[in-house]
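Undergrad: Supplied in structure tokens, the structure appears directly below.
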Amino acid sequence: MGKMDEMIVVAPRKHVFHNETLSFQGVASGHEKVATIMNRINRHFSEMRRGNAEEDPAYKQPIPYVVIRRGNEIYSYERLKGGGESRLHQKLSIGFGGHMNAVSSSSFTDMLEANTERELHEELFFDKNKKKAMKTIGLINDDENEVGRVHIGILSVLDLEEDAEVSVRETNQLAGNWITLEDLLTDETYNRLETWSQFVVDILKK
């Protein structure tokens, strides 16, 4: 089965954003708005073939997007030419995650946790005993490009102990590195960041 035949979790845009009264561009970090949208996804999610979902802006695909932080450092990665997404080659990102698959629990919260843990395990090596806390801090939406129009990011920060080590699994596709927030804000680095990562850096600097 090709990746576009995978069944993924989606929710109708009209329900997610309550007929656009809750829509936003960038990052929404207000607790009430985030909780409201998460609750609406929980009430209205279903499954759809990924290939169909990618072409249908009437649906939003919720994507766990986890920023890994170690003190003042954030784990970033560069997409190498060996990776599949040619449009993202040599771009930097500070978010880990991916499409969600339905699990046996009917709770969206449980499903989000299970998919987030799976994605982190599939993409990274790190000692789970070094985890301090993981907290959802907002939602990401970018309706200004075709890819963003069909996704909504669930933004979380995973804090690790300051001696924690992290590395990427797919070394032929990704190159990982720790970087300070100050360095992420330099023009040279910031301009290489993927759009969602730029949104997140703008929030973290506040």
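Undergrad: Does the stretch 163-172 hold any residues that are polar (S, T, N, Q) and modelled with pLDDT of 95 or more, and which are they?
TA: 167
Undergrad: In the stretch 1-115, which strands (runs of 3 or more DSSP E) lie fully inside it and hold 2 or more residues that are buried (at least 16 other Cβ atoms within 10 Å of the Cβ), hydrophobic (A, V, I, L, M, F, W, C) and touching a residue at least 24 places away in the same chain (Cβ under 8 Å)?
TA: Details: elements: 7-12, 26-28, 46-49, 59-70, 73-79.
Because the criterion is at least 2 residues that are buried (at least 16 other Cβ atoms within 10 Å of the Cβ), hydrophobic (A, V, I, L, M, F, W, C) and touching a residue at least 24 places away in the same chain (Cβ under 8 Å), the strands (runs of 3 or more DSSP E) in the stretch 1-115 that meet it are 7-12, 26-28, 59-70.
Undergrad: Would you tally the residues in the stretch 150-168 being of a type in the set (D, E, K, R) and either buried (at least 17 other Cβ atoms within 10 Å of the Cβ) or touching a Phe, Trp or Tyr at 6+ places or on another chain (Cβ under 6 Å) (or both)?
TA: The initial filter retains those residues of the stretch 150-168 that are of a type in the set (D, E, K, R), namely 159, 161-163, 165.
Okay, now just the ones that are also either buried (at least 17 other Cβ atoms within 10 Å of the Cβ) or touching a Phe, Trp or Tyr at 6+ places or on another chain (Cβ under 6 Å) (or both), so 159.
Of the residues in that region, 1 qualify.
Undergrad: Filter the stretch 142-153 down to residues that are assigned to a strand (DSSP E or B) and either within 14 Å of residue 58 (Cα to Cα) or in contact with a Cys (Cβ under 8 Å, 6 or more places away or on another chain) (or both), then give me how many there are.
TA: Taking the stretch 142-153 first, the residues assigned to a strand (DSSP E or B) are 151-153.
Still in the running and either within 14 Å of residue 58 (Cα to Cα) or in contact with a Cys (Cβ under 8 Å, 6 or more places away or on another chain) (or both): 151-152.
Within the stretch 142-153, residues that are assigned to a strand (DSSP E or B) and either within 14 Å of residue 58 (Cα to Cα) or in contact with a Cys (Cβ under 8 Å, 6 or more places away or on another chain) (or both) number 2.
Undergrad: Take the stretch 1-50 and flag every residue that is touching a helix residue (DSSP H, G or I) at 6+ places or on another chain (Cβ under 7 Å), under 23 Å from residue 146 (Cβ atoms) and basic (Lys, Arg).
TA: 3, 49, 50
Let's see how each residue does on (1) farther than 15 Å from residue 95 by Cβ; (2) at pLDDT below 95; (3) of a type outside the set (Gly, Ala, Ser):
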{"residue": "141", "(1), (2), (3)": "no, no, yes"}
{"residue": "150", "(1), (2), (3)": "yes, no, yes"}
{"residue": "161", "(1), (2), (3)": "yes, no, yes"}
{"residue": "174", "(1), (2), (3)": "no, yes, yes"}
{"residue": "187", "(1), (2), (3)": "yes, no, yes"}
{"residue": "194", "(1), (2), (3)": "no, yes, yes"}
{"residue": "198", "(1), (2), (3)": "no, no, yes"}
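Undergrad: Cβ-Cβ below 6 Å, separation at least six or inter-chain, first residue in the stretch 136-158 and under 12 Å from residue 25 (Cα atoms), second of a type in the set (Gly, Ala, Ser) and in a helix (DSSP H, G or I): which pairs?
TA: Hits for this filter: 142/148.
Undergrad: Using the structure shown, decide if residue 171 is of a type in the set (Val, Ile, Thr), surrounded by fewer than 16 Cβ atoms within 10 Å (Cβ to Cβ) and free of Cβ contacts under 8 Å to residues at least 12 places away in the same chain.
TA: Values: of a type in the set (Val, Ile, Thr): yes; surrounded by fewer than 16 Cβ atoms within 10 Å (Cβ to Cβ): yes; free of Cβ contacts under 8 Å to residues at least 12 places away in the same chain: yes.
In short, yes.
Undergrad: Go through the stretch 159-206 and tell me which helices (runs of 4 or more DSSP H), entirely inside it, have 1 or more residues that are closer than 19 Å to residue 119 by Cβ.
TA: Working: elements: 181-184, 187-190, 195-204.
Those helices (runs of 4 or more DSSP H) span 195-204.
The values are calculated or read from the model by the stated rules, or taken from the named source; none is laboratory data. Computed from a prediction, not measured in an experiment: that's the story for all the values here. All Cβ positions, glycine included, derive from the backbone under ideal geometry; neighbour counts span all protein chains shown.
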